[in-house]
Amino acid sequence: MSSTGGRPGAASGRAPGAAAPAARTLLGPLIAGLSGRALGALPRVPVHGRARPAPGLTRLVPVAWDGARARIAEGHGAAFLQGAAVGDALAAIPPDWTDGAPAPLVLTAG
């Protein structure tokens, strides 16, 4: 997130898989704030699958709906777009997350 000439802007690094989460997590709140809309609470659902939580960090990983729960999409590395293409949402995986534990979801549609 940056400001150029008094106008807010956002850019993504070299990892294409980081562009979708950056756009959704930075630009969505920016547009809501500039238009005077409040942000709602993120839904929390059980998330299943394999992901390596990062000590001291929250990871955003693409997930697909599997009934009332979410399953981590295959190919969810920062350099891959496959996970973002098949995902329905982004799960915010906290450092202490374990398979099946609830996690907040950033919905990618709507």
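Of note:
- Restricting Ala51, Ala64, Ala70 to residues that are in a loop (DSSP other than H, G, I, E, B), modelled with pLDDT of 85 or more, surrounded by 11 or more Cβ atoms within 10 Å (Cβ to Cβ) and among the small types (Gly, Ala, Ser) narrows the list to Ala51.
- When Ala41, Ala79, Ala23, Ala84 are checked against the criterion of being out of contact with any strand residue (DSSP E or B) (no Cβ under 7 Å at 6 or more places or on another chain), in a helix (DSSP H, G or I) and at pLDDT below 90, a single residue qualifies: Ala23.
- Identity of the residue in the stretch 87-110, in a strand (DSSP E or B) and open to solvent by 50 Å² or more (accessible area, probe 1.4 Å), that ends up modelled with the lowest pLDDT: Leu107
- Hey, Pro16 open to solvent by less than 30 Å² (accessible area, probe 1.4 Å) and modelled with pLDDT under 75 or not: no
The values are calculated or read from the model by the stated rules, or taken from the named source; none is laboratory data. Keep in mind that this is a model prediction, so the values were computed, not measured. We place every Cβ from the backbone using ideal geometry, glycine too, and count neighbours over all the protein chains shown. Ligands, DNA and RNA are stripped out before the accessible areas are found, and what is left, the full protein with its side chains, is counted by its heavy atoms. Shrake-Rupley method; radii C 1.70, N 1.55, O 1.52, S 1.80 Å.
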